[in-house]
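Peer 1: Right, I'll just put the structure down here and ask away after.
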Amino acid sequence: MDPFACRRCARLAVLVLLVAHPTRAGVDPILVDDFESGDSCLWGVGPETCPGFAVTTPPLLVQPGEEAVFCYYFHTGNPAIQGVRRIVSSMEDKTRYLSLLTTHDALGNPVDVQPPGTLSTAGCTWFGPNENSRRIYTAHGLEEELLLPTDDGAGDPLALEFLAGQPAVLVAHVLNDTVDPLTTAVTLTAFAHASGVVYTKTATLTTVDTFLTIPTGGVTVTTETCPVPSAVKFWWFSTHTHGLAQQAALRNGASDLVVSTNWLAPAVTAFGPPDFYEFDPGEPITYRCEYLNNSGQTVVFGESYFGDENCTGLAYFFPANAPRTCINSTLLP
């Protein structure tokens, strides 16, 4: 399972996390614009200094045949509140999953779960110290980009808002299925809007089926429905499962929003202005997964790619003050 967002009422086991260091060279409060696609701060002026932050983890060592999840805790380098408009990430071979979380207390206040610069492979589960963390970004590919819409339908861009020096944790789940020790690393870069840009805040909705039970000896289909936040629009949908999944989908009734048939590279459906996706009042989101289990044993919800499974939906919506999580069929604050 992957740690997306954590709440005290959801005593769940999830992946261990990976985070960055506020004082090492891998964490930069300012990014230089090289005029890459979607990356310019001020077009037509020449290369400019762009607001944002970048994080690179220390080397992550995984022994042959082992599975490990790393937490690297850090503070984002931005000196003031910033609205992030683009996130790019890179992870080396055998890293299955990357996630950026911000860390909070039970009241939603920013808090350091571990001292900045701590790298850990323990204590990062939903029932542990990260239980109030909030998922900001998820990647499954070795190189991925999240480019936020530049128009909310009323002329303002969307942004993922970070407080100044926001406590955060970068998550990496590594499977070393080779016969040699493996050393890997993860890098994430966040590009923010220039100071003074007015933006609309967006955030994640994550749906998680913790009741998941998959008997051996055939195909199993699981389905859960969740309320969605009221009076919001969605611009991005995707899924997350492990290797037994043959298909994963997010739906509105019988209408598919996104369908993934490759657990290693989940499908993404994106919507933009003026066609952002809206649920009618009272309409829930349905998440459905289909599994083929010939392992000889029952498989349940959990974090391990070797022996557990997931049925998780991922989405971005706006306007939003904070990420939301739906555990089974309960939408949490």
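The values are calculated or read from the model by the stated rules, or taken from the named source; none is laboratory data. Because the structure is predicted, anything quoted here is derived from the model rather than measured. All Cβ positions, even for glycine, are placed from backbone atoms using ideal geometry, and neighbour counts span all protein chains on display. To get the accessible areas, we keep the full protein, side chains included, count just its heavy atoms, and leave off ligands, DNA and RNA. Shrake-Rupley method; radii C 1.70, N 1.55, O 1.52, S 1.80 Å.
Peer 1: Output the residues belonging to region 172-199 that are open to solvent by less than 30 Å² (accessible area, probe 1.4 Å), of a type in the set (S, T, N, Q) and farther than 23 Å from residue 307 by Cβ.
Peer 2: Hit for region 172-199 is 189, nothing else.
Peer 1: Hey, can you tell me all the residues within region 167-200 that are part of a loop (DSSP other than H, G, I, E, B), in contact (Cβ under 8 Å) with a residue 24 or more places away in the chain and either on the phi > 0 side of the Ramachandran plot or not small (Gly, Ala, Ser) (or both)?
Peer 2: Those that are part of a loop (DSSP other than H, G, I, E, B), in contact (Cβ under 8 Å) with a residue 24 or more places away in the chain and either on the phi > 0 side of the Ramachandran plot or not small (Gly, Ala, Ser) (or both): 176, 177, 178, 179, 180, 181, 193, 197, 198, 199.
Peer 1: Could you figure out which of (1) at pLDDT below 95; (2) closer than 21 Å to residue 146 by Cβ isn't true of residue 232?
Peer 2: Failing condition for residue 232: (1).
Peer 1: Let me ask something else about it. Which of the residues belonging to region 79-112 are open to solvent by less than 40 Å² (accessible area, probe 1.4 Å), at pLDDT 90 or above and either farther than 14 Å from residue 186 by Cβ or part of a loop (DSSP other than H, G, I, E, B) (or both)?
Peer 2: Here is the first cut: in region 79-112, the ones open to solvent by less than 40 Å² (accessible area, probe 1.4 Å) are 82-91, 95, 97-104, 108.
The next check asks that each one be at pLDDT 90 or above; those that pass are 82-91, 95, 98-104.
Matches in region 79-112: 82, 83, 84, 85, 86, 102, 103, 104.
Peer 1: What number of residues within region 157-181 are under 17 Å from residue 120 (Cα atoms) and over 14 Å from the mean Cα position of the chain (by Cα)?
Peer 2: Total meeting the criteria: 3.
Peer 1: Please list, ordered by first then second residue, the pairs with beta carbon atoms under 9 Å, 6 or more apart or interchain, first in region 227-239 and within 13 Å of residue 200 (Cβ to Cβ), second surrounded by 22 or more Cβ atoms within 10 Å (Cβ to Cβ) and of a type in the set (Gly, Ala, Ser).
Peer 2: 235/315
Peer 1: Would you check if there is a residue in region 140-159 being open to solvent by less than 10 Å² (accessible area, probe 1.4 Å) and either polar (S, T, N, Q) or within 20 Å of residue 208 (Cα to Cα) (or both)?
Peer 2: no
Peer 1: What pairs come up if the first residue lies in region 49-61 and is in contact (Cβ under 8 Å) with a residue 24 or more places away in the chain and within 12 Å of residue 119 (Cα to Cα), the second is crowded, with 19+ Cβ neighbours inside 10 Å and polar (S, T, N, Q), and their beta carbons are under 6 Å apart, counting only those six or more places apart or on different chains?
Peer 2: That search, which allows pairs on different chains as well, returns 60/184.
Peer 1: What are the residues in region 280-309 that are in a strand (DSSP E or B) and open to solvent by 30 Å² or more (accessible area, probe 1.4 Å), if any?
Peer 2: Residues of region 280-309 that are in a strand (DSSP E or B), as a first pass: 285-293, 299-301, 309.
If the condition is that a residue be in a strand (DSSP E or B) and open to solvent by 30 Å² or more (accessible area, probe 1.4 Å), then 288, 290, 292, 300, 301 are the ones that fit.
Peer 1: I've got another one for you. Taking the condition over 16 Å from residue 187 (Cβ atoms) and under 15 Å from the mean Cα position of the chain (by Cα), does residue 132 pass?
Peer 2: Yes; evaluated as a whole, the condition is true for this residue.
Peer 1: Name the residues in region 31-77 that are in a strand (DSSP E or B) and modelled with pLDDT under 90, would you?
Peer 2: Step one: filter region 31-77 for residues in a strand (DSSP E or B), giving 31-32, 49-56, 60-62, 67-75.
Answer for region 31-77, where residues must be in a strand (DSSP E or B) and modelled with pLDDT under 90: 31, 32, 49, 50, 51.
Peer 1: Could we say that residue 159 is of a type in the set (A, V, I, L, M, F, W, C), over 30 Å from residue 225 (Cβ atoms) and not in a loop (DSSP other than H, G, I, E, B) here?
Peer 2: So residue 159 does not fit the description; no.
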